[in-house]
Amino acid sequence: MPDLPHLLAFIAAGWLLNLTPGPDVLYVVTNSLRSGVRAGIVAGLGITAGCFVHIFAAAVGVGTLMATSATAFTVLKYIGAAYLLYLGVRMVLSRAKPPADLEAAAATGEARSLKAIFLGGFWTNVLNPKVALFFLAFVPQFIAPGAGHTAFYFVLLGVLFNVNAIPVNVGWAVAAGWMARRSAVQKGMHWLDRVAGVLFIGFGLKLAFTDAPAARIGR
């Protein structure tokens, strides 16, 4: 287990990384803008649940397999890319709603069921092999070389990283929910959906064209 200075550095680095915009942040923000703060928080919890899958998978060796097997990485990569593209196209093609309808939906959280939002966040994260590779690259840096019970410490630090991400996601959800109450944002919500959809499509294409780790090593 790292000492206190290294542990604090791990927590600080985790917060900075979670503040960096990406598919997860975009998913939280768009759901919070469309359906209110509660929906954004649920989206973040779905993403957190997906991260737990990667943490435990990496600890038992599945993540290592993903990092060393080009086939395993490629299969999951294309599934994840297809899912991100699906989300993006659906948002780009979504129909405009009157501001009053958007405000009512945000107040009640009924624009989409919370279960669907949670599962969307979960699958957005689980189907992205780059998340598994991130944990394999980031967490071991804070485990002392030669330390016993490496898998245990890996899970412990991974859980700590994941729990620390919750307040960050809540912050994104609250900020986006506050923005959604502004009349100018409500009037432009349809265009925000289109922009978010294009970004999701971009994330999907970027993932689809990401080389497997083994392919990179060979170059």
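Residues in segment 27-40 that are assigned to a helix (DSSP H, G or I), of a type outside the set (Phe, Trp, Tyr) and crowded, with 23+ Cβ neighbours inside 10 Å: VAL28, VAL29, THR30, ASN31, SER32, LEU33, ARG34, SER35, ALA39, GLY40.
Kindly establish whether PHE10 is at pLDDT below 80, out of contact with any Cys (no Cβ under 7 Å at 6 or more places or on another chain), buried (at least 18 other Cβ atoms within 10 Å of the Cβ) and not acidic (Asp, Glu). Judged against the criteria, PHE10 is not a match. Set side by side, the residues VAL168, VAL185, VAL159 differ, and just one is in contact with a helix residue (DSSP H, G or I) (Cβ under 7 Å, 6 or more places away or on another chain), surrounded by fewer than 18 Cβ atoms within 10 Å (Cβ to Cβ) and at pLDDT 90 or above, which is VAL159. Evaluation of VAL62 against the conditions (1) closer than 30 Å to ALA180 by Cβ; (2) among the β-branched types (Val, Ile, Thr); (3) modelled with pLDDT under 75 shows that the sole unmet condition is (1).
The values are calculated or read from the model by the stated rules, or taken from the named source; none is laboratory data. Given the structure is predicted, the values throughout are model-derived calculations rather than measurements. Glycine also receives a Cβ, built like all others from the backbone with ideal geometry; neighbour counts cover every protein chain displayed.
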